[in-house]
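Notes to accompany the following structure.
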Amino acid sequence: MAADDHRNGDSTHHHRDPKKPRLSEFLTDSDIQSEFAHHQSGVARINNGSFGCCPSSVLAAQRDWQLRFLRQPDEFYFTGLRRGLLASRAVIKDLINADDVGEVSLLDNATTAAAIVLQRVGRCFSEGKYKKDDTVVMFHCAFQSVKKSIQAYVSRVGGSTVEVRLPFPVNSEEEIVNVFREGLKRGKEDGRTVRLAIIDHITSMPCVLMPVKELVRVCREEGVEEVFVDAAHAIGSVKVDVKEIGADYYVSNLHKWFFCPPSIAFFYCKEGGFESDVHHPVVSHEFGNGLAVESAWIGTRDYSSQLVVPSVMEFVKRFEGGIDGIMKRNHDEAVRMGLMLCDAWGTNLGSPPEMCVGMVMIGLPSKLCVGSDDDGVKLRAYLRVHRLVEVPVYFLGLRDGEEGVKDKDGGVITAYVRISHQVYNETGDYERLRDAITELVKDQTTCKNLPPV
């Protein structure tokens, strides 16, 4: 649908970015702490990757949109909403280098995008367009909601799945590309066709920056019909250029690393592909008018998180280097803190620094005896309740024959923490995690005898 269609908003009212701030207008450390003063005090919040964060100035802009609706809902629906959504989509279109604003839809989150793509695949099986046992290929660490969507929409109508085990700890991009190519070949065995490949731009647990452009290229070489990049953590973490990446579908949450309030994601559908056959899971009177329009109205609800993207741009421009500067500083600080923890614990990074983002995996000392997912949950809860440190713990189950990586004490590392760095974090946050783990080891405390929470 053309950008100037009335259902897409009034194209003459695009958001105009504010002028570039003078150096004196950049946020100070004190300004940053004020913007996030609503965070619970006393907590070492080093898990931005799970839920993100939103500064007070953007929350104020969100509240303005909410009040605009409450003051005069009809005016908001017929005039303000569509114009506001179009302004947000226009900002995103430029950020990700899409060709047209019509390629960009706004959704709640990456989970909704996965449902959209996999419902389309399921319809193709149901309608006989795909053969029974044609495949969907993905990495084994794909987000659980993606796997459940495959179960709900694809497996039950005849589709099959190939899961590619992500090497971890990982040493090079080549390792990942090689195992993925082998997975695609398995997906084509017995005359099957790989109908969809699902690729993470940044995996969640364990966290690895993936060679996404190379993986998409391999998909094209191997005849994969469609490629969906699940990039929940990408926007605000790494540069996103959807034309360079070359996938058919690309989704990223804006409430994780781009300072939007929850919840909002952008969903890119490449023009000239299958975009006419993708639909929002919630059907409204806009069904059939294109996904961007369908997504702009799914019934009465709070759309304010999708309307504040221009305000977020104003916020990030108050940092030196804008969003690019933020991404570089987050990466550099996350790696620096990760190496500090490795040195203190005698362990390792889960991936090389160039394959990290504002999140880094660090091996935990073997003496903690993390032997299961449940042990990881217990350790995470202990750190939250007793040490006021919020950080995810990843249990690495070794397969038969795998030796694993050993720490300074000669024990096999079976678990990792995933630290995040965002603009509000300070060195002391990571030192508290360092000291908490070091004290557990010194006191010979393991996951079997952690204090109850």
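A few comments on the model shown:
- Gain upon complete extension [Lys129, Lys213; 0.36 nm per residue less C-alpha separation]: 27.4 nm
- Cα gyration tensor, the range 100-193 - rounded (a/c under 1.5), prolate or oblate: oblate
- MRE, 222 nm, helices only [DSSP H, n ≥ 4, -39500 (n - 2.57), over the chain, to nearest 500]: -11500 deg cm²/dmol
- Amide H contacts under 5 Å for Val164: Met138, Phe139, His140, restricted to partners 5 or more places along the chain or on a different chain, H placed in the peptide plane at 1.01 Å from N.
- In this simple spin-label model, placing a label point 7 Å from the Cα along the Cα-to-Cβ direction at both Leu398 and Glu426 gives a separation of 4.0 nm.
- Distance in nm between pseudo-label sites at Ser284 and Ser172 (7 Å out along the Cβ direction from Cα): 5.0
- With a simple spin-label model that places each label point 7 Å from the Cα along the Cα-to-Cβ direction, the separation between Thr193 and Arg336 comes to 5.2 nm.
- Checking every one of the GluC sites (Glu not before Pro) in the range 389-419 against DSSP loop status and a limit of 16 other Cβ atoms within 10 Å picks out Glu402, Glu403.
- Coordinate range of the alpha-carbon atoms in the chain per principal axis, descending: 66, 63, 38 Å.
- Residue order by solvent-accessible surface for Lys442, Lys270 is Lys442, Lys270, largest first, with ligands and nucleic acids left out and a 1.4 Å probe.
- Solvent-accessible surface ranking, highest first, for Arg195, Arg217 at 1.4 angstrom: Arg217, Arg195
- The range 307-448 - convex hull of the alpha-carbon atoms, volume per residue in Å³: 138
- Entries in Lys132/Lys188; Lys131/Lys185; Lys213/Lys317; Lys93/Lys185 that, when Cα-Cα distance is taken, lie over 24 Å: Lys213/Lys317; Lys93/Lys185
- Calculated FRET value between Val385 and Phe36, using beta carbons and R₀ = 25 Å, to 0.05: 0.65
- Length released on extending from Phe78 to Ala60, taking residue separation times 0.36 nm less the Cα-Cα span: 4.2 nm
- Descending semi-axes in whole angstrom, ellipsoid equivalent of the range 43-167, from the Cα gyration tensor: 36, 22, 14
- Distance between the range 61-78 and the range 392-416 - C-alpha centres, whole angstrom: 53
- Under a 5 Å amide H cut-off, with hydrogens placed 1.01 Å from N, Ile199 pairs with Phe228, Val229, Asp230 among residues at least 5 apart or on other chains.
- Rounded accessible area of Cys141 (nearest 10 Å², 1.4 Å probe): 20
- Per-residue 3J(HN,Hα) values for the range 143-157, derived from phi via the Karplus relation 6.51 cos²θ - 1.76 cosθ + 1.60 with θ = phi - 60°, read 4, 4, 5, 5, 4, 5, 5, 4, 4, 6, 10, 10, 4, 6, 10 Hz in sequence order (x marks Gly and Pro).
- For the range 59-64, the Karplus equation 6.51 cos²θ - 1.76 cosθ + 1.60, evaluated at θ = phi - 60°, returns couplings of 4, 5, 5, 4, 4, 4 Hz by residue, with Gly and Pro reported as x.
- Heavy-atom accessible surface of the chain, averaged per residue, reaches 43 Å², computed with a 1.4 Å probe.
- Residue separation of Asp443 and Asp409 scaled by 0.36 nm, minus their Cα-Cα distance, works out to 10.7 nm of gained length.
- With DNA, RNA and ligands ignored, accessible area of Arg336 (1.4 Å probe; Å², nearest 10): 110
- Fraction of the pair-distance distribution of the range 193-268 above 17 Å, Cα-Cα pairs, percent: 42
- Counting only heavy atoms of the protein chains and using a 1.4 Å probe, Thr414 has close to 40 Å² of accessible surface.
- Val179/Asp373 FRET efficiency (R0 25 Å; Cβ-Cβ; nearest 0.05): 0.60
- In this Cβ point-charge picture (+1 for Lys and Arg, -1 for Asp and Glu), the chain has a dipole of about 640 debye about its Cα centre.
- Backbone geometry of the range 415-426 corresponds, through the Karplus equation with coefficients 6.51, -1.76 and 1.60 at θ = phi - 60°, to 3J(HN,Hα) couplings of 8, 9, 9, 10, 8, 10, 10, 10, 4, 8, 6, 10 Hz, x marking Gly and Pro.
- Close amide H contacts of Val405 (hydrogens built in the peptide plane, cut-off under 5 Å, sequence separation of 5 or more or a different chain): Ile413.
- Surface listing: Asp429, Asp100 arranged by accessible area from highest to lowest gives Asp100, Asp429, probe 1.4 Å.
The values are calculated or read from the model by the stated rules, or taken from the named source; none is laboratory data. Note that the structure is predicted; figures quoted are calculated from it, not measured. All Cβ positions, even for glycine, are placed from backbone atoms using ideal geometry, and neighbour counts span all protein chains on display. Heavy atoms of the whole protein, side chains included, go into the accessibility calculation; ligands, DNA and RNA do not. Shrake-Rupley method; radii C 1.70, N 1.55, O 1.52, S 1.80 Å.
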